[in-house]
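Here's the structure, in structure tokens; my notes come after.
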Amino acid sequence: MATAVAEGTRSTGKSTVELSYHVEAEALARFDAIILGAPTYHHDMPIDMKKLFEISAMKRINLKGKIGAAFGSFGWSGEAPKLLLEIMKNKFEMNIVAPPLLAKYTPDGNMIDKCRNLERTIAENLIP
Ligand SMILES: Cc1cc2nc3c(=O)[nH]c(=O)nc-3n(C[C@H](O)[C@H](O)[C@H](O)COP(=O)(O)O)c2cc1C
């Protein structure tokens, strides 16, 4: 899903995309848009995501107004992407531009297309 989101965004040629499996809190400040992906385990987001948010809050990393979106695969409840968006919006005052993209287990072709198309929503909201 992450690869499809990144491919879709790159294909516009309008923005530079960085796909990362680990990011330091300070690095988040460099981006205009932040798209987070997480599977749901035990009705929750992974501990690494919580740490990222906690360190960002502790270090007062300013994410206000940045574009935010989230995606992830799940088995039966799929809370993680919704929780990610909730924190991005309420704690970091980010601009959430799309509902979470949720794939039940392995994403099918339709879901991969939705991931690729997330780019359009992001691009529409980026300040030219
Ligand atoms: C130990 C364990 C706990 C899980 N807990 C949940 C859960 O609470 N809710 C849910 O929707 N899926 C749950 N799942 C299913 C995963 O979200 C699902 O397999 C997802 O596709 C995993 O993504 P990944 O392969 O990228 O880690 C759980 C899976 C495992 C192995």
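The values are calculated or read from the model by the stated rules, or taken from the named source; none is laboratory data. As the structure is a prediction and not an experimental result, all values here were calculated from the model. Glycine also receives a Cβ, built like all others from the backbone with ideal geometry; neighbour counts cover every protein chain displayed.
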Legend entry - Matching residues in the stretch 7-55 - criterion: being closer than 20 Å to residue 100 by Cα and of a type in the set (Val, Ile, Thr): 9, 17, 34, 35, 40, 47
Inset, instruction - Among the residues of the stretch 79-125, count how many are within 16 Å of the ligand (Cβ to nearest atom), among the aromatic types (Phe, Trp, Tyr) and under 29 Å from residue 62 (Cβ atoms). - result: 0
Legend entry - Number of positions in the stretch 33-77 that are of a type in the set (Gly, Ala, Ser), in contact with a Lys or Arg (Cβ under 8 Å, 6 or more places away or on another chain) and within 16 Å of the ligand (Cβ to nearest atom): 3
Inset, instruction - Please name all residue pairs, on different chains or six or more residues apart, with Cβ atoms under 6 Å, provided the first residue is in the stretch 68-92 and is without any contact (Cβ under 8 Å) to a residue 40 or more places away in the chain and the second residue is of a type outside the set (A, V, I, L, M) and surrounded by fewer than 19 Cβ atoms within 10 Å (Cβ to Cβ). - result: 77/43; 79/43
Legend entry - Verdict on residue 34 being within 17 Å of residue 2 (Cβ to Cβ) and touching a helix residue (DSSP H, G or I) at 6+ places or on another chain (Cβ under 9 Å): yes
Legend entry - Every residue from the stretch 8-50 that is surrounded by 16 or more Cβ atoms within 10 Å (Cβ to Cβ) and not aliphatic (A, V, I, L, M): 8, 9, 31, 37, 39, 40
Inset, instruction - Taking residue 80 as meeting all but one of (1) of a type in the set (A, V, I, L, M); (2) closer than 20 Å to residue 21 by Cβ; (3) touching a helix residue (DSSP H, G or I) at 6+ places or on another chain (Cβ under 7 Å), write down the number of the exception. - result: (3)
Inset, instruction - Report whether or not residue 67 is within 18 Å of residue 11 (Cβ to Cβ) and at pLDDT 95 or above. - result: yes
Legend entry - Unique match (being part of a loop (DSSP other than H, G, I, E, B) and away from the ligand (no atom under 16 Å from the Cβ)) among 16, 9: 16
